Each structure stands twice: as structure tokens, then as C-alpha cells.
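The values are calculated or read from the model by the stated rules, or taken from the named source; none is laboratory data. Keep in mind it's a predicted model, so treat the numbers as computed, not measured. Ideal geometry is used to build each Cβ from the backbone, glycine not excepted, and the neighbour counts take in all protein chains shown. Surface areas here come from the heavy atoms of the whole protein model, side chains and all, with no ligands, DNA or RNA. Shrake-Rupley method; radii C 1.70, N 1.55, O 1.52, S 1.80 Å.
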Number of protein chains: 2
Amino acid sequence: MISISQLSEDFDVTTRTIRYYEEIGLLSPERTDGNRRMYSNKDIARLKLIVRGKKYGFNLDEIKEMIVLFDKDRSGKAQMKKTITYGKKKLEEVNERIEELQQMKTEMEVLLWEFENRLRNE
Amino acid sequence: MISISQLSEDFDVTTRTIRYYEEIGLLSPERTDGNRRMYSNKDIARLKLIVRGKKYGFNLDEIKEMIVLFDKDRSGKAQMKKTITYGKKKLEEVNERIEELQQMKTEMEVLLWEFENRLRNE
DNA sequence: TGTAGCATTGACGTTAACGTAAACTGCAAG
DNA sequence: CTTGCAGTTTACGTTAACGTCAATGCTACA
């Protein structure tokens, strides 16, 4: 259990941002007697997911959907089947992004190679 | 050479967005006698870069920097060396994103596998 | 027990990346 | 010629994702 300032430091995001994520339902930390937020390992894992998701260009609504997927406390066959279907779809998206990024990487490498050659031959 | 509406259709972005990219210096199409924008293959390649960049979570300022890299009309040894250095840095960033995305993919796969197992064993 | 230093909840401000509407222009078809 | 569509500029509007500030509440520590 850590405080909001600790969490803020650990992940390099402002406390405002963390509170905002709570505001829109992405986090729901416990409170102390004095009403201070206390973050569990589960909360920490969630924030990690959020921060990473943002880095890949997902917006907070999309991330919210993914959190549901990563939230392991689900039961009922129907619910689980839905989760699996949705998860596979998201996995496909991630796959596509990886492939495109790899293509981009290749293009950049070719370009750099060309530049280095031109530099050598002049 | 294609029109703005053609370009808009081809890339599934609005004409407003295309004009905005021009406004901030990401595109600079030629004009016809009647002042209409005409987009060359080079412009089209740029827009492709922009759209793709956005998808990966780069903002337009970062994309602007990358466009400079992908712009092949550079000369002078010093300039080229700078470009190569900068390009390698960007390549590193792309590499990192790929690796993190792959880690994320693995996690999702594990999770889905667990779900499917639970579904089978109940 | 006082006080420095985090924490809390509003509430309004800001910025990037467009959306939208208005007023105007150029061109092709009937 | 005019009708109508596609394009142009200008300018104000919008939304997500926070930033910032004010007023107030805990709480550890000298």
C-alpha cells in the first residue's frame, strides 16, 4: 500500500493525473481513516497498464476497455467467452501495430543505410 | 497529382485535417491556376507517414521531426551526419516500442490462455 | 500544541488537434 | 448565363487530458 505521491514518483505522472484517472473510473483505490488514497498492488498494475497503453497511442476510453480484459475477477461462462472474443480482437490490433512498426523500422534502417553510404562515397 | 478530396478519401482523413497539416507545416502541396491544392507522390508519402505516426502515439511535433529525417533532399556532410545520428536515436525509440508491444502481446496471450483453460475445466 | 507539509475536493484554465460555419471563388454542365 | 458543386480562407467552437489555484483537512514531529 503506497501513497499518491509515491505512486506519482514511481510512474512519473502527476498526482492530478492519477486523481483524474480515478475520476473517470480507471482507478479506485482504498482510503485511510483520514480519507487519504492508498494504492494496492492491483492499483499499481492498473496504472502500469494505463501508462503503457497511452504510450502506444490508445486513448483512455480504449484503455478502459482493456482494463476490463485484464481484470481477472470475472466469472460466468458467457462473460468469459465474451472476454476471450474481445481479447482476441485486441490481440489482433496489437499484432497489426507491431507489424506496421516493424515495417517502419525497416524503412528507417534502409534510409539510414543509404545515408551512410552516401557519406562514405563522397 | 490528386485533389484534396481524393487524398481525403484515400487516407480516410477529413479535408480539414489535411489543411491543418499544411497550416502547421507538415505538408506543402502545389497549387493549380485556380488556387486549388494538388498533391504529388511526395505529399502522399508524407501524409502516409503522418497518419502512421499518429497511430503509434507520436504527436504532430514529433512527426514533424521525423519528416525531416525521411526527407531525402539533404546535402552537406555535417547535415547528413546529424541526420544519421538523429535517425539512429529515433530508430532506438521505435525498437523500444516494438519490444514493449511484444511484451504486452505475450501478457495478453497468457491471459487469454488462462481464460480458455478455466472455461474448459469448469 | 503549534506548524510544516502532504492530502482532499472543487472549479476554472489550457493546449493539441481538429470540427464547423460563413462568406467567397472557380469551373463544368445544362 | 446560372446553377451547383468543390474548393478557399477566416474565425470561432469543441473535446480529451490534464494544469493550476484556492480553500480546507490530516498528521507527524519538535
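Go over the candidates B:Glu65, B:Glu9, B:Glu23 one by one and state the one that is more than 9 Å from DNA strand C (Cβ to nearest atom), among the acidic types (Asp, Glu) and more than 23 Å from B:Tyr86 (Cα to Cα). Give the steps one after another, and end with the answer.
Working: B:Glu65 fails: more than 23 Å from B:Tyr86 (Cα to Cα); B:Glu23 fails: more than 9 Å from DNA strand C (Cβ to nearest atom).
Criteria check complete, one pass: B:Glu9.
Considering only helices (runs of 4 or more DSSP H) fully contained in the stretch A:12-115, which possess at least 2 residues that are modelled with pLDDT of 95 or more and not hydroxyl-bearing (Ser, Thr, Tyr)? Before the answer, list the steps.
On the way: elements: A:15-23, A:41-55, A:60-70.
The qualifying helices (runs of 4 or more DSSP H) are A:15-23, A:41-55.
What's the number of the only condition in (1) within 12 Å of chain B (Cβ to nearest Cβ); (2) surrounded by 15 or more Cβ atoms within 10 Å (Cβ to Cβ); (3) of a type in the set (Phe, Trp, Tyr) that A:Trp113 fails to meet?
Single failed check for A:Trp113: (2).
Listed residues B:Gln103, B:Gln79; which is more than 29 Å from A:Gly87 (Cβ to Cβ) and polar (S, T, N, Q)? Before you say what the answer is, go through the steps one by one.
Details: B:Gln103 fails: more than 29 Å from A:Gly87 (Cβ to Cβ).
Only one candidate qualifies: B:Gln79.
Report whether or not A:Arg97 is within 10 Å of chain B (Cβ to nearest Cβ), touching a residue at least 24 places away in the same chain (Cβ under 8 Å) and surrounded by 12 or more Cβ atoms within 10 Å (Cβ to Cβ). Lay out the reasoning, then the answer.
Values: within 10 Å of chain B (Cβ to nearest Cβ): yes; touching a residue at least 24 places away in the same chain (Cβ under 8 Å): yes; surrounded by 12 or more Cβ atoms within 10 Å (Cβ to Cβ): yes.
When the stated conditions are applied, A:Arg97 passes them.
When only residues in the stretch B:27-37 that are open to solvent by less than 80 Å² (accessible area, probe 1.4 Å) and touching a residue at least 12 places away in the same chain (Cβ under 8 Å) count, which is nearest to DNA strand D (Cβ to nearest atom)? Give the steps one after another, and end with the answer.
So the first thing to find is which residues in the stretch B:27-37 are open to solvent by less than 80 Å² (accessible area, probe 1.4 Å), and the list is B:27, B:29, B:32, B:34, B:37.
Within this subset, residues satisfying the condition of being touching a residue at least 12 places away in the same chain (Cβ under 8 Å) are B:27, B:29, B:37.
Details: B:Leu27: 11, B:Pro29: 8, B:Arg37: 3 Å.
Among those residues, the one meeting the criterion is B:Arg37.
Here is a list of conditions, (1) assigned to a helix (DSSP H, G or I); (2) more than 21 Å from the chain's Cα centre (by Cα); (3) over 21 Å from B:Gln103 (Cβ atoms), and A:Ser5 meets all of them except one; can you say which number that is?
(2)
Going by the conditions given, is B:Gly53 within 13 Å of another protein chain (Cβ to nearest Cβ), in contact with a Leu (Cβ under 6 Å, 6 or more places away or on another chain) and open to solvent by less than 50 Å² (accessible area, probe 1.4 Å)?
Numbers: within 13 Å of another protein chain (Cβ to nearest Cβ): yes; in contact with a Leu (Cβ under 6 Å, 6 or more places away or on another chain): no; open to solvent by less than 50 Å² (accessible area, probe 1.4 Å): yes.
The answer is no for B:Gly53.
Among the residues of the stretch B:1-26 satisfying the criterion of being within 11 Å of DNA strand D (Cβ to nearest atom) and of a type in the set (A, V, I, L, M, F, W, C), which is farthest from the other protein chains (Cβ to nearest Cβ)?
For the stretch B:1-26, the residue satisfying everything is B:Ile4.
Say whether the condition of being of a type in the set (Gly, Ala, Ser), more than 23 Å from A:Trp113 (Cα to Cα), without any contact (Cβ under 8 Å) to a residue 12 or more places away in the chain and open to solvent by less than 50 Å² (accessible area, probe 1.4 Å) is met by at least one residue in the stretch B:6-16.
If we filter the stretch B:6-16 for residues that are of a type in the set (Gly, Ala, Ser), which is where we start, we get B:8.
Next, from what is left, pick out any that are more than 23 Å from A:Trp113 (Cα to Cα): B:8.
Retained after the next criterion (residues that are without any contact (Cβ under 8 Å) to a residue 12 or more places away in the chain): B:8.
Restricting the remaining residues to those that are open to solvent by less than 50 Å² (accessible area, probe 1.4 Å) gives B:8.
Yes; the residues of the stretch B:6-16 include at least one that is of a type in the set (Gly, Ala, Ser), more than 23 Å from A:Trp113 (Cα to Cα), without any contact (Cβ under 8 Å) to a residue 12 or more places away in the chain and open to solvent by less than 50 Å² (accessible area, probe 1.4 Å).
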